[in-house]
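J.: Sharing a structure with you now.
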Amino acid sequence: MATVTLKPTKVPELMLEGYSITPDAFAGKTPAQIAALPAHEGKIHVTLGDFFEVSGNAGATAAETDIVIAGDCTRVKYIGSKMTAGTVKVNGNADMYVGGWMKGGKIHITGNVDSFCGMQMQGGEILIDGNAQNYVGCAYRGDWRGMKGGTIRIKGSAGNDIGTFMLGGTIIIEKDTFIHVSTHAEGGTVILKGDVEGRVGGQMVKGTIYVFGTIKFMMPGFKKVDRVELEVDGTKATFDHYIGDLGERHPKSKGKEIFADLYVKA
Amino acid sequence: MTSGEIIIKGGFVVDPTRKMEGDITDIAIKDGKIVDKVSSSAKVIDAKGKTVMAGGVDVHAHVAGPKVNVGRLFRPEDKLLSGVCRSAMAQKNGARMESGFSIPSTFKTGYDYARMGYAFVMEAAMPPLYSPHIHEEIHDTPIIDEGALPVFGNNWFVMDYLKKGEIENTAAYIAWLLNVTKGFGVKCVNPGGTAAWGWGLNCLSLDDVVPYFDTTPREIITGLLKANEYLGLPHSMHIHQNNLGNPGNYQLTIDSLKLAEGIKTKNKFGREQVMHSTHLQFHSYGGTGWGDFESKAKEVMDYVNKNKAITVDTGNVTLDETTTMTADGPFEHHLHSLNHLKWVNVDVEMETAAGVVPYVYDPNIKVCDIQWAIGLELALYAKDMNRIFLTTDHPNAGPFTRYPRVIKWLMSKKAREAVLDSFKHKDKVIDATTLHTIDRELTLYEIAQMTRSGPAKCLGMSNIYGGLAPGMNADVGIFDLNYKNMPSDPEKIEKAFQRAACFIKSGEIVVKDGEVLSRGHKKTVWVHVNMPENLQVKRDITQSFTKDYTVSLVNYPVRDYLAPHPFVLEVDVEA
């Protein structure tokens, strides 16, 4: 494995569109070539070298390339977006679209991230040590094809619209969440370790939600069916099992209607 | 329009209006028109080894209006991966941002049509109440000339008059509406069915009664055909038939086409047909359900080939993710209940309705593949290529930017077979279609008929568009195709038509090597009917606007400033 280190040298005046910061774009390139990769600040064409000092070496392929950003990226978007392999680590915060459309590899952000983290992600892992804003693992605006695979773990709290139109994969929020979880979802798993305000599973067709804390306002479209003992993310607990959203269409399998499952810790 | 003289030298000219099949000849341009000759100071464009055609004419596309805008608004994901970063040259030329794939922005619409060498596009369904907006949007679309067809098939006035068999009153109402909306001709979408949708119903046969109005699709179609010829409009009645998109609808399609029998064409614009039946692909289905869904393109085209009073366009499925939008309100609800994607439904007072639903024509789904085959079969079974036109019913069966791909499929059996071979359910598709048995490959001459001379004649504008005779508009496309030595790789055909080597619109070079150089001199084309006042219709309109409409009569017409570049075709009707 080879490691490329980017050291921030300048805070962008506008947000920096860092769509080139991926192992796929870095693979097989020298530091000088990496510094010459394109980026945008607003409508102005810039290069990564305008904002980072590049050192170290990239591997021959994305899978052999690790990227470390030694500093804060609060104003850098699209870090690790569309990446297929390798790793990206940010020692600090990152802006929107971290790991958006990601297909493989690992991203680790030690600080907080803004919205749209892991949007329409298909595979790989995202680990955020701090908090996330809204739209974790959601679909692009207007799209009906959300997150399909991979894992997003937020160690802090998250905002609203988590896993909208989710089709697969796992999202874990270790602290509290606001509203709209797995809206319109047709698959996937969301695990909320803290409390959540409400609108959990609205118009949900299929998929699973586990809530360890409390749901302040329950959706009326969910019905309690039983109480079960489960091990979720390494923790054993007793959950009340609800099915829903009863106001939504549901597919049939072997003559039986399939519902979304919501488990709330008893 | 520039007065600059241009001469296009040495190209293979393909011009069906003058029976030119790749003749090497020069095309001279002056003052925005084709002329016999120009002075020696004319700008010379070398077209040696390239094909020269008139600007394309699109007879049916949805490119402006409320439902197109709704599509743009409710499908941000259509823009996500389709934006083009403006090149330095584009920025220098003042070109605007382009976005959208199936429902491109107005700018992208104009630029992309121009890049493909198209000069005229007909917006195929204008809800009259929203005609001011449509004209604003047409004005906002650069380069291409456009017209718009107001919809009449579910209009309350029309249904009231036709129930009583009043052709003259219907004609007077049509004339009034064309004049106030700056419309081009008579469009009819799912006659009666869209009105029935107000009661949650539809009209799926010619004799289904429209609730409340007590008329039938048969009466509406026949009445509009007669009223159109009473007025002698440039274009014929333009119909989207009943029961679109359902298995087994081909018999109804043929029955509806037969309504054109016995109606005589009457006009001064060189038009020969009395009915234009649009996106025929959606109406040529056999089978009783999606399981035994099959092509009936042969049966439908056998009838079309026999009846000279009919023109059609194909509505080719291009196997893309797209956005369906139509004034056929009940159909869009039906589609939404099949694919569960987002749906918009709109009612337009006393006139029409509309719906919008995204749709993915997935090559792994058998039905989509059969639809793809049917669209191509229609063109390949046609005998008179001046009566069948290339469309994708943009964006319903695919975006207009796929015309070059459809041309490739029509011109190359090899290209068709490559697609067929890629299908997951190839055998089932072959069982349900006959495309694999057809060896025919269309020529450039036939493509020019389908995209240039044919549609221009069908719209009654054969002396303006679709040809390169002196006196016609100087809309000339130059394509990187050697007529005498066509490429063996079909991809090169698609590439040549996607990006014209050069496109001259109204005598000005607007595209060079696929790059847009100018916003051009676009015109809005409409029809103005001069006829004696019909007092009863005048009274009915006044009364209805007082009683029923949400706008007053004085606020209804399209103001002149909304269509600042008019090209008006005058029609005189004698008492």
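The values are calculated or read from the model by the stated rules, or taken from the named source; none is laboratory data. As the structure is a prediction and not an experimental result, all values here were calculated from the model. Quick reminder, even Gly has a Cβ in these numbers, built from the backbone with ideal geometry, and neighbours come from all protein chains shown. What goes into the accessible areas is simple: the full protein's heavy atoms, side chains included, and nothing from ligands, DNA or RNA. Shrake-Rupley method; radii C 1.70, N 1.55, O 1.52, S 1.80 Å.
J.: Which strands (runs of 3 or more DSSP E) sit wholly inside the stretch B:28-67 and have at least 3 residues that are assigned by TED's automatic domain parsing to the domain that holds B:PHE497 and surrounded by fewer than 24 Cβ atoms within 10 Å (Cβ to Cβ)? Lay out the reasoning, then the answer.
T.: Numbers: elements: B:33-35, B:43-46, B:51-54, B:56-61.
By residue number, B:33-35, B:43-46.
J.: Taking only the stretch A:27-52 into account, find how many residues are in contact with a helix residue (DSSP H, G or I) (Cβ under 7 Å, 6 or more places away or on another chain), assigned to a helix (DSSP H, G or I) and farther than 12 Å from A:ILE79 by Cβ.
T.: 3
J.: List every residue pair whose Cβ atoms lie under 8 Å apart, where the two residues are 6 or more positions apart in sequence or sit on different chains, the first residue falls within the stretch B:63-81 and is within 14 Å of chain A (Cβ to nearest Cβ) and over 10 Å from B:VAL356 (Cβ atoms), and the second residue, located anywhere, is among the hydroxyl-bearing types (Ser, Thr, Tyr) and crowded, with 20+ Cβ neighbours inside 10 Å.
T.: B:PRO76/A:TYR140; B:GLU77/A:TYR140; B:ASP78/B:SER102; B:ASP78/B:THR323; B:LEU80/A:TYR140
J.: Restricting to the stretch B:368-410, count the residues that are over 16 Å from B:THR322 (Cα atoms), open to solvent by 20 Å² or more (accessible area, probe 1.4 Å) and in a helix (DSSP H, G or I). Walk me through it before giving the result.
T.: At the first step, the residues of the stretch B:368-410 found to be over 16 Å from B:THR322 (Cα atoms) are B:370, B:373-390, B:404, B:407-410.
Imposing the further condition that a residue be open to solvent by 20 Å² or more (accessible area, probe 1.4 Å) reduces the set to B:381, B:383-384, B:386-387.
Subsequent filtering for residues that are in a helix (DSSP H, G or I) retains B:381.
Summing the residues that are over 16 Å from B:THR322 (Cα atoms), open to solvent by 20 Å² or more (accessible area, probe 1.4 Å) and in a helix (DSSP H, G or I) in the stretch B:368-410 gives 1.
J.: Please go through the stretch A:1-26 and give me each residue that is open to solvent by 70 Å² or more (accessible area, probe 1.4 Å) and part of a loop (DSSP other than H, G, I, E, B), ordered by number.
T.: Taking the stretch A:1-26 as the starting set, the residues that turn out to be open to solvent by 70 Å² or more (accessible area, probe 1.4 Å) are A:1, A:7, A:9-11, A:13-14, A:19.
Result: A:MET1, A:THR9, A:LYS10, A:VAL11, A:GLU13, A:LEU14, A:TYR19.
J.: Which numbered condition trips up A:GLY71, out of (1) open to solvent by less than 30 Å² (accessible area, probe 1.4 Å); (2) assigned to a strand (DSSP E or B)?
T.: (2)
J.: Next up: Starting from residues that are of a type in the set (A, V, I, L, M) and without any contact (Cβ under 8 Å) to a residue 60 or more places away in the chain, keep the ones in the stretch B:345-364 and report whichever is nearest to B:GLU294 (Cα to Cα).
T.: From the stretch B:345-364, those of a type in the set (A, V, I, L, M) are B:346, B:348, B:350, B:353-354, B:356-357, B:360; that's our starting set.
Filter again for without any contact (Cβ under 8 Å) to a residue 60 or more places away in the chain, leaving B:357, B:360.
Values: B:VAL357: 24, B:VAL360: 19 Å.
Ranking the qualifying residues of the stretch B:345-364, first place goes to B:VAL360.
J.: Take the stretch B:443-472 and flag every residue that is part of a helix (DSSP H, G or I), hydrophobic (A, V, I, L, M, F, W, C) and touching a helix residue (DSSP H, G or I) at 6+ places or on another chain (Cβ under 9 Å).
T.: B:LEU444, B:ILE447, B:ALA448, B:MET450, B:ALA456
J.: B:ALA175 fails exactly one of the following numbered conditions: (1) open to solvent by 50 Å² or more (accessible area, probe 1.4 Å); (2) modelled with pLDDT of 95 or more. What is the number of that condition?
T.: (1)
J.: Before we move on, is B:GLU98 touching a strand residue (DSSP E or B) at 6+ places or on another chain (Cβ under 9 Å), open to solvent by less than 20 Å² (accessible area, probe 1.4 Å) and either β-branched (Val, Ile, Thr) or at pLDDT below 95 (or both)? Break it down stepwise before answering.
T.: Numbers: touching a strand residue (DSSP E or B) at 6+ places or on another chain (Cβ under 9 Å): yes; open to solvent by less than 20 Å² (accessible area, probe 1.4 Å): yes; either β-branched (Val, Ile, Thr) or at pLDDT below 95 (or both): yes.
Spelling it out, B:GLU98 is indeed touching a strand residue (DSSP E or B) at 6+ places or on another chain (Cβ under 9 Å), open to solvent by less than 20 Å² (accessible area, probe 1.4 Å) and either β-branched (Val, Ile, Thr) or at pLDDT below 95 (or both).
J.: Taking the stretch B:216-243 only, how many residues are among the polar types (S, T, N, Q), in a helix (DSSP H, G or I) and surrounded by fewer than 23 Cβ atoms within 10 Å (Cβ to Cβ)? Before the answer, list the steps.
T.: So in the stretch B:216-243, the residues among the polar types (S, T, N, Q) come out as B:216, B:222, B:228, B:236, B:241-243.
Retained after the next criterion (residues that are in a helix (DSSP H, G or I)): B:222, B:228.
Now restrict to residues that are surrounded by fewer than 23 Cβ atoms within 10 Å (Cβ to Cβ): B:222.
Of the residues in that region, 1 qualify.
J.: If a residue must be crowded, with 23+ Cβ neighbours inside 10 Å and either in a strand (DSSP E or B) or free of Cβ contacts under 8 Å to residues at least 40 places away in the same chain (or both), how many such residues does the stretch B:320-333 contain?
T.: Within the stretch B:320-333, residues that are crowded, with 23+ Cβ neighbours inside 10 Å and either in a strand (DSSP E or B) or free of Cβ contacts under 8 Å to residues at least 40 places away in the same chain (or both) number 6.
J.: Now, a different point. With among the β-branched types (Val, Ile, Thr), buried (at least 23 other Cβ atoms within 10 Å of the Cβ), within 23 Å of B:GLY192 (Cβ to Cβ) and touching a Ser or Thr at 6+ places or on another chain (Cβ under 8 Å) as the only criterion, which of B:VAL300, B:VAL317 stands out?
T.: Working: B:VAL317 fails: within 23 Å of B:GLY192 (Cβ to Cβ).
One residue alone meets the criteria, B:VAL300.
J.: If you check B:ALA148, B:ALA95, which single one turns out to be touching a residue at least 12 places away in the same chain (Cβ under 8 Å) and part of a loop (DSSP other than H, G, I, E, B)?
T.: On inspection, the qualifying residue turns out to be B:ALA95.
J.: Only one of (1) over 24 Å from A:LYS175 (Cα atoms); (2) open to solvent by 60 Å² or more (accessible area, probe 1.4 Å); (3) not acidic (Asp, Glu) is not met by A:LYS265, so which one is it?
T.: Condition (1) is where A:LYS265 drops out.
J.: Return the residue satisfying two criteria in turn: it lies in the stretch B:341-355 and is within 22 Å of the chain's Cα centre (by Cα) and of a type outside the set (Val, Ile, Thr), and of such residues it is nearest to the other protein chains (Cβ to nearest Cβ).
T.: Taking the candidates together, the pick is B:GLY355.
Yes or no, residue by residue, for (1) at pLDDT 95 or above; (2) more than 14 Å from A:GLY201 (Cβ to Cβ); (3) surrounded by fewer than 17 Cβ atoms within 10 Å (Cβ to Cβ); (4) aromatic (Phe, Trp, Tyr):
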{"position": "A:ASP226", "(1), (2), (3), (4)": "yes, yes, yes, no"}
{"position": "A:THR235", "(1), (2), (3), (4)": "yes, yes, yes, no"}
{"position": "A:ASP240", "(1), (2), (3), (4)": "yes, no, yes, no"}
{"position": "A:LYS252", "(1), (2), (3), (4)": "no, yes, yes, no"}
{"position": "A:GLU257", "(1), (2), (3), (4)": "no, yes, yes, no"}
{"position": "A:ALA260", "(1), (2), (3), (4)": "yes, no, no, no"}
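J.: Failed condition for B:GLY270, given (1) surrounded by fewer than 22 Cβ atoms within 10 Å (Cβ to Cβ); (2) in contact (Cβ under 8 Å) with a residue 40 or more places away in the chain; (3) within 30 Å of B:ILE438 (Cα to Cα); (4) small (Gly, Ala, Ser), with all others met?
T.: (3)
J.: Still on this structure: Kindly provide the set of residues from the stretch A:234-254 that are charged (D, E, K, R) and either in contact (Cβ under 8 Å) with a residue 12 or more places away in the chain or closer than 23 Å to A:ILE191 by Cβ (or both), ordered by number. I'd like the intermediate steps shown before the answer.
T.: So in the stretch A:234-254, the residues charged (D, E, K, R) come out as A:236, A:240, A:245, A:248-249, A:252, A:254.
Of everything in the stretch A:234-254, those that are charged (D, E, K, R) and either in contact (Cβ under 8 Å) with a residue 12 or more places away in the chain or closer than 23 Å to A:ILE191 by Cβ (or both) turn out to be A:LYS236, A:ASP240, A:ASP245, A:GLU248, A:ARG249.
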